[in-house]
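One structure is given here, and the rest of the page talks about it.
Since every read-out is calculated from the coordinates, none of them should be taken as a lab result. Every value quoted in this text rests on a predicted model; they were computed, and no experiment measured them. Glycine gets a Cβ as well: all are built from the backbone with ideal geometry, and neighbour counts include every protein chain shown.
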Ligand code: LLP
């Protein structure tokens, strides 16, 4: 929750804006580091969740690596000061220019998702007279029990190399001396709350590792991706995710061979809870069955509710004189019916000018903002 001092500070800021609690970010990073301190575990932060400079420099100071999915994310990581040896580059559609940039900077590893991509990477590496270290992203066909838009590890998804394609991929790799196979990579989805899913992933990865071992292929890196979820409902009681349970599952269930490193690519779990989108009520409009509270922030600032029916806790930071709650649909100003943060919510009475916090918005919030309707891009403040 926000202290009165912070609320007073917000009163003078034009809305909408994002606010980040860097103290909470530091505590979250410390908890992650403490829980992953096993010498063969290493976390790369997924920049796609939030790539603001202030956030990235804290992450760099915590000795995490960087997981990038575009040439610009690789550039951002380098500008922030991440060493090339700490950068991995993933993505199903890397362009030639992006791969050239990453090769020229000799990043640690490309997570490759298809045979055609490997062919192009080999050609480009050859042209630069460089070697590309590669982890094969394998689609393990494991159900992540999360929203279908953020499920990535099933055969029906566009991601990764299917297991039946592996013999052909290995055969081709033998023809590409520019490519050094160093590991295998998985990512089955995001906002995973059911820890059993990670156990199933371990079981599957163990089987797949056997397949490589039986062909005498030595893998230095097992990258299990990201996906650890956060509590969007009981936010203040769960500001820091349960990193211990998460890493313990991998310690217990993943078979790690001598000399192997286990890599993780966490995004949301590290940054979601430290960010809130702040907004003001513009109008209260009477509907037939509900009241509409129309905010000055909308899907342009935070698209998750419109895109995934995602829940974000909404709090009125302005005290209400009424003791009982009223029912509202809390909506944004954009000309789309999906521009809605929550339907039939029971909230203390809202009035024009009230300051509203939309919580747990530090991950996939600002990075997914747009200026649809030619709206101004929001500002950010750091506490
Ligand atoms: N590694 C790979 C290969 C990924 O595709 C992702 C996320 C991550 C790591 C980080 O996952 P995390 O730890 O943050 O769950 N915009 C959606 C989430 C999309 C996630 C895409 N991939 C949302 O707002 O829920």
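Here is how the numbers come out for the structure above:
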{"read-out": "With Cα atoms, 0 to 90° folded angle of helix 22-35 axis to the chain main axis", "value": "40"}
{"read-out": "Folded to 0 to 90 degrees: helix 243-253 orientation relative to the chain principal axis, Cα", "value": "30"}
{"read-out": "Pairwise FRET efficiency - residue 195 versus residue 326, Cβ, R0 = 45 Å, nearest 0.05", "value": "0.75"}
{"read-out": "Kirkwood-type radius of the range 226-383, with distances r between different C-alpha atoms, in Å", "value": "17.4"}
{"read-out": "Residue 1-residue 203 pseudo-label distance in nm [points 7 Å out on the Cα-to-Cβ vector]", "value": "4.3"}
{"read-out": "R0 of 22 Å, Cβ-Cβ distance residue 257-residue 170: FRET efficiency to nearest 0.05", "value": "0.75"}
{"read-out": "Ordering of 372-383, 357-368, 35-46 by burial proxy (mean other Cβ atoms within 10 Å per residue, highest first)", "value": "357-368, 35-46, 372-383"}
{"read-out": "Gain on full stretching of the segment that runs from residue 377 to residue 283 - 0.36 nm per residue minus C-alpha separation", "value": "31.7 nm"}
{"read-out": "Computed log₁₀ I(q)/I(0) - Debye formula, equal Cα scatterers, no solvent, the range 23-272, q 0.09 Å⁻¹", "value": "-0.36"}
{"read-out": "Cα long-axis angle, helix 115-128 against the chain (0 to 90 degrees, to the nearest 10)", "value": "70"}
{"read-out": "Rough spin-label spacing in nm, given labels placed 7 Å along Cα→Cβ, for residue 351 and residue 11", "value": "1.4"}
